[in-house]
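The values are calculated or read from the model by the stated rules, or taken from the named source; none is laboratory data. Everything numeric here is computed off the predicted structure, so don't read it as measured data. For neighbour counting, all protein chains shown are included, and Cβ atoms are generated from backbone atoms with ideal geometry for every residue, glycine included. When the accessible area is computed, the model is the full protein with side chains, heavy atoms only, and any ligands, DNA or RNA have been set aside. Shrake-Rupley method; radii C 1.70, N 1.55, O 1.52, S 1.80 Å.
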Amino acid sequence: MHENLFVLQDVEYSYSKGGFHLQKINCKIQMREFITIIGPNGSGKSTLLKLLAGALKADSGKILLKDNEIQNYSKKDLAKIISIVTQFNTVIFPINVYEFVALGRSPHLNYFGYESKKDVEIIMESISKVELTSKINSPITQISGGEFQRALIARALAQEPEIILLDEATAHLDIKHQIEIFKLLKKLNDEEKLTIVFVSHNLNLADFFSNRFLLMANGKIIKDGIKEETFTSENLQKVFDAEFLIANQGGYSGVLIKK
Ligand code: ADP
Ligand code: MG
């Protein structure tokens with residue numbers, strides 16, 4: 001029996017009156033799920049992730065995190081449970097990769113802010129998991145976009161959260177590293193009980209790794225369920241207003257684009 005990590009009840013959110021409106025979101029996220037959120041640009045995917053991360057406050061409705069309303073958690077306590085990786089981070093301070101990933105430990109550090117031996121181990125391990133050990137002393141401002149995204153993921157892992165929210169967080173990675181990151185997340189999901197919710201436009205990777213999908217359009221969740229019921233050619237064509245086919249053949253599966 002899985003435990004609920006999140007329960008969303010009639011959650012609504014608008015940035016301004018008359019503008020985009022996230023409408024009546026009802027869903028549950030159970031521990032150890034691996035969920036993909038898909039939908040066209042502007043459908044509200046990032047807004048939903050920000051609400052889950054506690055970065056935005058719902059206008060109405062309830063967001064329960066482990067049975068408590070999310071606004072009752074301190075920032076530090078939220079950071080011990082949730083980490084969010086986005087693609088729009090910029091860093092201007094020329095700290096090195098180690099120091100950058102170490103920032104992920106801050107919610108766990110003692111009153112004086114010292115890193116214990118265990119903290120150092122977790123930081124090194126997180127860097128190694130994303131294959132950045134060779135860049136450990138490089139200034140974060142002087143690594144490639146893909147390496148920076150891996151550093152962001154390492155920082156999220158160093159946080160040792162129970163859930164990672166990824167917002168197009170592998171979009172700038174080459175295909176090998178995209179697959180590596182997803183394999184790593186899947187392994188953490190299988191072996192370390194990490195819950196994963198990610199937004200991705202890479203339907204092939206989503207198809208391969210995810211077993212539950214939320215399909216969003218116009219500020220609403222229009223489908224929510226197991227892969228077999230949601231990740232269908234028909235549903236995706238409707239949501240994206242484009243013609244393609246999800247194919248499954250001889251151990252391969254993926255999206256075929258109509259000629
Ligand atoms: P998605 O991630 O699915 O592309 P978003 O959740 O980022 O969509 O955005 C949903 C809508 O809200 C878009 O129309 C976007 O322009 C608008 N929006 C996003 N962020 C803001 C903001 N900070 N202020 C005003 N409008 C915003
Ligand atoms: Mg977005």
Please report the carbon-and-sulfur percent of the accessible area for segment 94-203; probe 1.4 Å, protein heavy atoms only, DNA, RNA and ligands left out. 52 percent
How far is helix 117-129 tilted, in degrees, relative to the longest principal axis of the Cα atoms in the chain, given as a value from 0 to 90 rounded to the nearest 10? 50 degrees
Figure the gain on full extension for residue 220 and residue 125 (residue separation times 0.36 nm, minus the Cα-Cα span) and round it to one decimal in nm. 30.3 nm
Relative contact order (%) - segment 150-259, alpha-carbon pairs under 8 angstrom, separation at least six: 18 percent
Among DSSP beta bridges lying fully in segment 102-238, give the percent that are antiparallel, nearest 5. 55 percent
Got a number for the accessible area of residue 31? Probe 1.4 Å, square angstrom, nearest 10. 50 Å²
If you average the sequence gap of Cα pairs under 8 Å that are 6 or more apart and divide by the length of the chain, what percent do you get for the contact order? 24 percent
Taking the C-alpha atoms of the chain, how large are the radius of gyration and the largest Cα-Cα span, Dmax, in Å? 18.7, 62
Can you give the % of DSSP beta bridges in the chain that are antiparallel, to the nearest 5? 60 percent
Cα shape, segment 177-259, gyration tensor, a/c 1.5 rule: oblate
Mean Cβ count within 10 Å, highest first, over the residues of peptides 203-211, 159-167, 249-257: 159-167, 203-211, 249-257
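Quick check: convex hull of the Cα atoms in segment 1-128, volume per residue, rounded to a whole Å³? Don't skip to the answer; put the middle values down first.
Working: hull volume 21.8 nm³, N = 128.
Cα convex hull per residue, to the nearest whole number: 170 Å³.
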Taking the chain as the reference, fit the longest principal axis to its C-alpha atoms, fit the long axis of helix 145-158 to the helix C-alpha atoms, and give the angle between the two in degrees, 0 to 90, nearest 10. 80 degrees
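Roughly how big is the chain's charge dipole about its Cα centre, with Cβ charges of +1 (Lys, Arg) and -1 (Asp, Glu), in debye to the nearest 20?
Computed about the Cα centre, the dipole is about 260 debye.
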Estimated inter-spin distance, residue 172 and residue 74, nm [label 7 Å along Cα→Cβ]: 3.3 nm
Wrap a convex hull around the Cα atoms of segment 21-60, take a quarter of its surface area, and give that in square nanometres. 3.4 nm²
Between segment 64-136 and segment 214-258, what is the C-alpha centre distance in whole Å? 34 Å
Tilt, helix 175-191 to longest principal axis of the chain (alpha-carbon atoms), in degrees rounded to tens, equals 80 degrees
Quick one: compute the contact order of segment 6-156, relative version, from alpha carbon pairs under 8 angstrom and 6+ residues apart, as a percent. 21 percent
